[in-house]
Amino acid sequence: MLLQKKNFEDFYNEIRDQFPKMRELDTWNKYVWTLDGYENSMIMIELSKEMANWVANGKESEGKKLMDVIERYFHEGDMPLTSIIYTDFLLTIMEAKKDVREVIKKMMGSETEKQYKNLFEFYREQDMD
């Protein structure tokens, strides 16, 4: 019996349930987040930026908790979801300030780290401090 992979709605509901600060973001009102549409790119970028802000403000335990969810969804998520996590969530981390980005990279699980390193085929990290 095949397990059904989790989709965007599953992911967003889990994020909103586990992270009250994420629930407060404007994102949920600005974008349609229950469909497999392009707006998911914008949502993932905002989630990644919010997590980077947590890390920058010393809330590393919350950042690690979110990165653990990201790791799990690389295994449990469907292809549209994992593609947007890969291209938009992780790519936004590449654009974070170097000190924040380095902390986040240490929080990555093995699959997340592998996917992050795959991005180097197409992009490079920002060098700004």
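What 222 nm value per residue comes from the helices of the chain, counting each DSSP H run with n ≥ 4 as -39,500 (n - 2.57) and dividing by all residues, nearest 500 deg cm²/dmol?
-18500 deg cm²/dmol
What's the center-to-center distance, using Cα atoms, between the stretch 36-96 and the stretch 100-119 in Å?
Comparing the Cα centres of the stretch 36-96 and the stretch 100-119, I get a distance of 11 Å.
Hey, got a sec? Which chymotrypsin sites (Phe, Trp or Tyr not before Pro) in the stretch 25-129 land in a DSSP loop and have at most 14 other Cβ atoms within 10 Å? Mind showing how you got there, number by number?
Values: sites: W28, Y31, W33, Y38, W54, Y73, F74, Y86, F89, Y116, F120, F122, Y123; in loops: Y31, W33, Y38, F122, Y123.
Within the stretch 25-129, the qualifying chymotrypsin sites (Phe, Trp or Tyr not before Pro) (loop, at most 14 other Cβ atoms within 10 Å) are Y38, F122, Y123.
List every residue whose amide H lies under 5 Å from the amide H of G77, counting only residues 5 or more places away in sequence or on a different chain, with H placed 1.01 Å from N in the peptide plane.
Counting only residues 5 or more places away or on other chains, the set is K6.
Would you mind calculating the gained length between K106 and N53 on full extension (0.36 nm times residue separation, minus the Cα-Cα distance), in nm to one decimal? Let's see the in-between values first.
Values: separation 53, 0.36 × 53 = 19.08 nm, distance 1.60 nm.
Here the answer is 17.5 nm.
Would you mind getting me the FRET efficiency between Y38 and D68? Use the beta-carbon distance for r and R0 = 22 Å, nearest 0.05. Numbers along the way, then the final one.
Values: r = 27 Å, r/R0 = 1.23.
Efficiency at R0 = 22 Å is approximately 0.20.
With +1 on each Lys and Arg Cβ and -1 on each Asp and Glu Cβ, how big is the dipole of the chain about its Cα centre, in debye rounded to the nearest 20?
Numbers: 19 positive and 26 negative charges, 52 e Å.
Charge dipole of the chain: 240 debye, to the nearest 20.
Out of the total accessible area of the stretch 77-121 (probe 1.4 Å, heavy atoms of protein only), what percent is carbon and sulfur? Intermediate values should be presented prior to the final figure.
Working: 1090 of 2110 Å².
That share works out to 52 percent.
Report, in cubic angstrom per residue, the convex hull volume of the C-alpha atoms of the stretch 20-108.
On the way: hull volume 8.2 nm³, N = 89.
Taking the convex hull of the Cα positions in the stretch 20-108, it is 92 Å³ per residue.
What is the spin-label model distance, in nm, from E76 to D10 if the labels are put 7 Å beyond Cα along the C-beta direction?
0.7
Based on the Cβ-Cβ distance from N118 to S61, what FRET efficiency comes out when R0 is 25 Å, to the nearest 0.05?
Working: r = 27 Å, r/R0 = 1.09.
Rounded to the nearest 0.05, the efficiency is 0.40.
Mind giving me the nanometre distance, one decimal, between the label points for E95 and E125, set 7 Å out from Cα along Cα→Cβ?
Going from the E95 label point to the E125 one covers 1.7 nm.
The values are calculated or read from the model by the stated rules, or taken from the named source; none is laboratory data. What you see is a predicted model, and the numbers here were worked out from it, not measured in a lab. In this analysis, Cβ positions are derived from the backbone assuming ideal geometry, glycine residues included, and neighbour counts consider all displayed protein chains. Note: areas computed on protein heavy atoms with side chains; ligands, DNA, RNA excluded. Shrake-Rupley method; radii C 1.70, N 1.55, O 1.52, S 1.80 Å.
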